[in-house]
1. Please verify whether residue 892 is more than 16 Å from residue 1014 (Cβ to Cβ) and either assigned to a helix (DSSP H, G or I) or not assigned by TED's automatic domain parsing to the domain that holds residue 558 (or both), treating the condition exactly as stated.
2. With under 30 Å from residue 924 (Cβ atoms) and either under 28 Å from the mean Cα position of the chain (by Cα) or surrounded by fewer than 19 Cβ atoms within 10 Å (Cβ to Cβ) (or both) as the only criterion, which of 797, 768 stands out?
3. Show me the strands (runs of 3 or more DSSP E) found entirely inside the stretch 267-339 where at least 1 residues are closer than 30 Å to residue 201 by Cβ and assigned by TED's automatic domain parsing to the domain that holds residue 363.
4. Only one of 560, 466, 541 is farther than 25 Å from residue 893 by Cβ, within 31 Å of the chain's Cα centre (by Cα), assigned by TED's automatic domain parsing to the domain that holds residue 740 and modelled with pLDDT of 95 or more. Can you tell me which?
5. Of everything in the stretch 558-578, what is buried (at least 24 other Cβ atoms within 10 Å of the Cβ) and within 14 Å of residue 617 (Cα to Cα)? Give them in sequence order.
6. Among the residues in the stretch 272-290, are any out of contact with any helix residue (DSSP H, G or I) (no Cβ under 9 Å at 6 or more places or on another chain), over 30 Å from residue 615 (Cβ atoms), crowded, with 19+ Cβ neighbours inside 10 Å and modelled with pLDDT of 50 or more?
7. Could you say which residue among 608, 627, 612 is under 17 Å from the mean Cα position of the chain (by Cα) and either closer than 20 Å to residue 341 by Cβ or at pLDDT 95 or above (or both)?
8. Any idea which of (1) in contact with a helix residue (DSSP H, G or I) (Cβ under 6 Å, 6 or more places away or on another chain); (2) part of a loop (DSSP other than H, G, I, E, B); (3) surrounded by fewer than 22 Cβ atoms within 10 Å (Cβ to Cβ) is the one residue 172 doesn't satisfy?
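The values are calculated or read from the model by the stated rules, or taken from the named source; none is laboratory data. What you see is a predicted model, and the numbers here were worked out from it, not measured in a lab. Ideal geometry is used to build each Cβ from the backbone, glycine not excepted, and the neighbour counts take in all protein chains shown.
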């Protein structure tokens, strides 16, 4: 909903007054700014654009400027080898000065690492601790800590499933100037002591090299003193802050030509070290640094690849474009700093709402991943210095450095390792996988009733209706506007009679009001973020006006927040009400870059600068826990969050924020969602139709068509847009939108099984082609198509106005694909690009031969009533006449699947024989992983009583049609024989042939979920 961000930015200047006399004027100014900006916001979407000057560039960020200038002086991204003669002072190299290899059985290599400050001073005072740890499954952890820094944020404790991942022992082979750590399974870590260099090797191939370009730089709170003879000249040359906080370009700093530098070449390195180190300004905000400069930077090179994915969230290509070196597309690094960015730019490395500091590569000799566990601001440069080589430069504001390097056969394998570390996604309730209807705002209970009734009138299914901030009493969350929503429990009950749900918005800012229970309790219990001095609660402006923020880094605050969702606390709520956490970057209208000042204090006296990117995830977690507690761990939560971090997938869904009603934003949704997937966020979506602006009919139809195949399917719009519910358009448009929504419901068995596979195995719901087909290099850069889980369904959205055809690449030369979009099942060859018809009624999508699809074809108002409807099974044969697939059935609401209330139907066809085994699924990856919450438990242990109740409800779900499709015609005169477990023919069923003999339809074969196996064979009469 961050829709309103323009208001925030413009409100900043007007809201700085702190005196009581100034408060009223500031309040009026803020209100005026809100009205001035929001009211006309969406009349002309083409005029909308981000106010880039409100957000920092690297040149305006002191630590980014320092690290980038360091790289410039080394010529680090020049195609010429970095070992070429460059005038680098010896003290500017990180070097191991004391190695301890006596902890191999514990999987640890320990050392003291000399920093540049210590090396320049010629002493050990600034040296830091280095630990290299060999982990299970071929992973390697690199940690650098300054023991003198006592206040650190324990990121692994909140981001990983196991704060200390499983360690495996290694053998040490010492060599001149280094050591090699050898792990069973073909993984080696080759360490060079000076200059520091760490190679991670898998199967004899070097997949990642840390400090390949010697960019390791670790700040310990102090800087190198300027030589006395240059002190005055240095002072005179100190860069001045200019309007907007801009600083001289890095190259100017790196190539100083003053007489002092000519006389002392090392001075330019020293100047970099001091640039913006202790204090800096941006616009009207000053950032003091009580602990001094504490940033770190390092580089990782990936040989034998040019493909990198991840670093969510950015509106950029899926295969991350270069920011440095040859062919650089962007001038700035990718920024990871959760921000409320209004009307964000496309094709940009600017920070957006969430941050996952993860890169996954895919190359000819394998894949690798790098996860950097810090919650502070970070910038990442990506370069391709030479052909088929990728270099990354990571720069973070706050230490310690904690990095995990993963290796695998391909990107999908590495992605799985990341999920094993950070947690597999929670399994959402079925309604959350269906269609959601939202806008800012549905006005009152009468509006809710009218919208709900119109869906039924136009026979469009939906599951969830959403209410934005206007439903509250003066933006006081956990309340209702008593005039507009006087009977919320009745309103929710009316929706529930149709198996429908509601979501309300609950943001992290709390209106400062002693008469408001939530505010009074949080203040009294000390649960709010503190000011920079730690002497009082931090205050700023957001939707309610003067506000405070819950400190979600405090376990007590999280527990208190979770308790607010109890039905006796959130009055008017019911079990069918769920939650939307917005504005949780956090957004502060009066703060620097529309967020919190970095100097405010959190639990334990931690500065906001070191916890920033985790804040929204911790609210997401606390809300998720609140949903669990209110149902006594019986009902699956649904919580949508805008901000995210490592591990957010454990708590619910994410969306891409304030997009625009433009074709370019529809096109950008695909790579943005694929990047979320690569970063572990498998339950993602983009606002259908665009949040800002008014889409025309064609754009809206195309958006519905695409989103109906994406994980989170929600229509949403700004308060000043025209109403755009599906029935408000011409009859043709309404029909086309209806068709798209119904398609989602028809395919819900496929979608629900994809979510199950994401929970059980980590397979993405919206799977990149590069993940599924690593052997086909043509897929590695594809970002305008995707697969629905493991189903074999490939979707090719149409994202250009007026298009009636589109090019589609179908992977794997030996494959056959079938066209689903026009229901023709026309066979198409794999390994080539096809131009396919795409009239406005059609979204091109296909299924790979060799797949088995399960659909439900009966129209219902919502998803839940469909659960006991019969299914259609469609086996699409490959060139050898084979197919396989599976579908999962469970109640879609509870955790009873952990007790065996679930069936997994594994289907196979070969040689004209279709067989299915119906059983409890047992293959959940990492079933023994620790679980704080029931929603994170992974082991299935059958409770016969629970399973018996489940089978009583679902055992009679039957297959009403078995459809078999082949690339060429079947023999004439076929009949279907249903066979029992002993091979005896139980009955013969006539078949219907279609599509010129390529399709056989068997009606009512007699298969039910209570059976343990199904067998049917096609034979000639």
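1. yes
2. 768
3. So the answer is 296-303, 307-310, 334-336.
4. Details: 466 fails: farther than 25 Å from residue 893 by Cβ; 541 fails: assigned by TED's automatic domain parsing to the domain that holds residue 740.
Sole residue among the options that is farther than 25 Å from residue 893 by Cβ, within 31 Å of the chain's Cα centre (by Cα), assigned by TED's automatic domain parsing to the domain that holds residue 740 and modelled with pLDDT of 95 or more: 560.
5. Across the stretch 558-578, the qualifying residue is only 561.
6. no
7. 612
8. Exception for residue 172: condition (2).
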